[in-house]
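Accompanying notes for the structure given below.
The values are calculated or read from the model by the stated rules, or taken from the named source; none is laboratory data. As the structure is a computational prediction, the values presented were derived from the model and not from experiment. Positions of Cβ are backbone-derived with ideal geometry, glycine not excepted, and every protein chain shown enters the neighbour counts. Quick note on the areas: whole protein, heavy atoms, side chains included, nothing else; ligands and nucleic acids left out. Shrake-Rupley method; radii C 1.70, N 1.55, O 1.52, S 1.80 Å.
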Amino acid sequence: MGLAIFDLDNTLLAGDSDHSWGEFLCRKGYVDADDYRARNDQFYADYVAGKLDVLAYQNFCQEVLGRTDRATLDVWHAEFMRDYIEPIILPKGEALIAEHRKAGDFIMMITATNSFITGPIAQRLGMDHLIATECGMQNGQYTGQLVGVPSFQAGKITRLNSWLADNRTNLLDSHFYSDSHNDLPLLEKVARAVAVDPDEHLRAIALERGWDVISLRDA
């Protein structure tokens, strides 16, 4: 079985769903906009710089889930999908997914963004499976705290290895598409690493190692 693994943010999307969710909350007045935006922007800057404290960030962004009922969150997410995510889904990304689907590959998304945000996006893009940072649940309600290993940097390998073992498969026929140097640990593990509209650090490494470098944003 061929395995096509996709990062989400700034790979299949022309933007970052996690950061955009924070902007959505601010603009709708669901959080203290000035404080939340400042912290959200700083966490994003830390991510870009490769120094994100993923535990602190996930507990920050999941807090609102823990104090909001599921029905309300579902309404919010539907609006978020319509106004923030649909406009930044990259048609070339969808076409690439379709190519792998036609080839008979298993299509997976693996993202550091939490499963509340990314679950509907993965479904919209037709993923066979999603590995995302998990949200704590208790009695059908989010706890506001992450659970398990965040699928970030080397955590993506940990989470993927668990899935591979459960499904008795391997990475011998695998692709991984990502834009970020934060994904270097997994890019180094797959059979074929593909840098997609990469950041400067990843581009330099991809060119040095002879990895494919592609754009899903070019006209």
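For the chain, the solvent-accessible area of protein heavy atoms averages 46 Å² per residue (probe radius 1.4 Å; ligands and nucleic acids excluded). Counting only alpha carbon atoms, the long axis of helix 91-102 and the longest principal axis of the chain meet at about 60°.
Counting only heavy atoms of the protein chains and using a 1.4 Å probe, residue 77 has close to 10 Å² of accessible surface.
Computed over the chain with a Gaussian network model linking Cα atoms closer than 10 Å, the most mobile of 102, 156, 51 is 102. Ligands, DNA and RNA left out, the 1.4 Å accessible surface of the range 1-121 is 52% carbon and sulfur atoms.
Count the DSSP beta bridges whose two residues both fall in the range 1-135, then state the antiparallel fraction as a percent rounded to the nearest 5. Each step should come with its number before you reach the end.
Values: 1 of 10 bridges.
In the range 1-135, DSSP labels about 10 percent of beta bridges as antiparallel.
If I compute mean projected area of the Cα convex hull in nm² from the structure I just sent, which labelled value in [x] 11.0; [y] 12.0; [z] 18.2 lines up? Recomputing mean projected area of the Cα convex hull in nm² here picks out [y].
Using a Gaussian network model of the chain with C-alpha springs under 10 Å, which one of 208, 23, 188 is most mobile by mean-square fluctuation? Evaluated over the chain, the most mobile residue of the options is 208.
Net length available on complete extension from residue 143 to residue 30 is 38.9 nm, with 0.36 nm assigned per residue and the Cα-Cα distance removed.
Computed from the C-beta positions of residue 168 and residue 212 and an R0 of 22 Å, the FRET efficiency is 0.20 to the nearest 0.05. Remark: the Cα gyration tensor places the range 38-100 in the oblate category, a/c being 1.5 or greater and a/b not exceeding b/c. For the chain, modelled as a GNM whose springs connect Cα atoms under 10 angstrom apart, the maximal fluctuation among 146, 125, 187 occurs at 125.
Take every Cα pair under 8 Å whose residues are at least 6 apart in sequence, average their separation, divide by the length of the range 78-202, and the relative contact order is 15 percent. For residue 149, the amide hydrogen comes within under 5 Å of no other amide hydrogen, counting only partners 5 or more places away or on other chains and with H modelled in the peptide plane. Of all DSSP bridge pairs formed entirely within the range 64-200, close to 30 percent run antiparallel. The reciprocal of the average 1/r between distinct C-alpha atoms defines the Kirkwood hydrodynamic radius, which for the range 95-219 equals 15.6 Å.
Annotation: extensible slack from residue 192 through residue 94 equals 33.4 nm (criterion: 0.36 nm per residue apart, minus Cα-Cα distance).
What ranking of 162, 174 comes out by heavy-atom accessible area, probe 1.4 Å, highest first? Numbers along the way, then the final one.
Details: 162 60, 174 0 Å².
Reading off the accessible areas and sorting them downward yields 162, 174.
Pairs of Lys residues in the chain that lie 8 or more places apart, or on two chains, and have C-alpha atoms under 25 angstrom apart add up to 7.
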